[in-house]
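The values are calculated or read from the model by the stated rules, or taken from the named source; none is laboratory data. What you are looking at is a predicted structure, and each value in this text was computed from that prediction instead of being measured. Using ideal geometry, Cβ is built from the backbone for each residue, glycine included, and neighbour counts are taken over all protein chains shown. Surface accessibility is based on the protein's heavy atoms, side chains included, excluding ligands, DNA and RNA. Shrake-Rupley method; radii C 1.70, N 1.55, O 1.52, S 1.80 Å.
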Amino acid sequence: TFAQMLDGDARLMDLGTKGSGQTPWSRLGDGRVTLKGAVREILATEMLGALGVNTSRTFSVIETGESLYRGDEPSPTRSAVMVRLSHGHIRIGTFQRLSALQLDDEMAQLVAYCLASFPGGAFPDAPHPAVRFFNQVVERMADMAASYMVAGFVHGVLNSDNMNVTGESFDYGPWRWLPKWDPGFTAAYFDHQGLYAYGRQPEA
């Protein structure tokens with residue numbers, strides 16, 4: 001995330017990049033995105049947005065001129081940096097990390113920040129801020145999953161790393177539209193066990 005602003009409804013908007021290079025959390029990846037992958041994310045976010053799904057949007061794509069090597073597509077392939085627009089970039093893992101490190105004060109600060117920055121949602125009168133926030137996130141995630149099911153969309157890798165606490169999904173790598181009613185339909189070529197199948201998205 002490198003910039004924040006308010007939209008016309010006074011909602012917080014974040015600008016963040018995908019493919020801008022390695023971070024301390026990149027593991028063994030190069031931190032780059034292929035131009036093909038960036039275009040696929042444009043197609044996914046624009047169609048989902050048109051269908052009313054709560055999703056990030058693609059703000060811009062910049063080709064970098066680098067050659068990337070990938071095992072799942074013809075290489076070398078072209079590199080790009082994608083700028084993503086969403087209402088927040090805080091993931092579930094942000095809370096998991098603070099919990100694992102037992103950073104209670106930081107956790108309370110993060111919950112307070114989220115309640116102030118992402119208002120609305122279920123149980124506004126819940127006595128504890130964390131309970132109030134948790135219920136809001138659950139409601140947002142359930143709404144997102146339901147909108148996927150109605151649209152016939154299969155994310156491909158729908159896990160907590162690809163969802164914001166604002167209820168927006170992002171990072172559309174392997175995705176597909178359901179060709180016919182099939183709860184076991186998968187979008188990712190590597191998902192042999194159906195972990196991310198269409199019918200399992202509400203569970204996820």
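Structure notes:
One line per residue, one yes/no per condition, for (1) in contact with a Leu (Cβ under 8 Å, 6 or more places away or on another chain); (2) free of Cβ contacts under 8 Å to residues at least 60 places away in the same chain:
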| position | (1), (2) |
| --- | --- |
| Pro74 | no, yes |
| Ala80 | yes, no |
| Arg84 | yes, no |
| His89 | no, no |
| Ala100 | no, yes |
| Asp105 | no, yes |
| Ala112 | no, yes |
| Arg132 | yes, yes |
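- Which numbered condition Val154 fails, given (1) over 17 Å from the mean Cα position of the chain (by Cα); (2) at pLDDT 95 or above: (1)
- Of the criteria (1) in a loop (DSSP other than H, G, I, E, B); (2) open to solvent by 60 Å² or more (accessible area, probe 1.4 Å), which one Gly121 fails: (2)
- The selection criterion, being assigned to a strand (DSSP E or B) and open to solvent by less than 70 Å² (accessible area, probe 1.4 Å), does not hold for Ser67.
- Evaluation of Pro183 against the conditions (1) in contact with an Asp or Glu (Cβ under 8 Å, 6 or more places away or on another chain); (2) without any contact (Cβ under 8 Å) to a residue 40 or more places away in the chain; (3) assigned to a loop (DSSP other than H, G, I, E, B) shows that the sole unmet condition is (1).
- Flag for Asp72 being part of a loop (DSSP other than H, G, I, E, B) and surrounded by fewer than 18 Cβ atoms within 10 Å (Cβ to Cβ): yes
- Residue count for the stretch 124-143 satisfying the condition of being farther than 20 Å from Thr94 by Cα and either in contact with a Cys (Cβ under 7 Å, 6 or more places away or on another chain) or in a helix (DSSP H, G or I) (or both): 1.
- Output for the stretch 88-118, where each listed residue is assigned to a loop (DSSP other than H, G, I, E, B), closer than 25 Å to Asp9 by Cα and of a type in the set (A, V, I, L, M): Ile90
- Residue tally, condition surrounded by fewer than 18 Cβ atoms within 10 Å (Cβ to Cβ) and either closer than 17 Å to Ser86 by Cβ or of a type outside the set (Gly, Ala, Ser) (or both), over the stretch 175-204: 18
- Residue list for the stretch 1-38, restricted to those being crowded, with 16+ Cβ neighbours inside 10 Å and either of a type in the set (D, E, K, R) or part of a loop (DSSP other than H, G, I, E, B) (or both): Asp14, Lys18, Gly19, Ser20, Arg32
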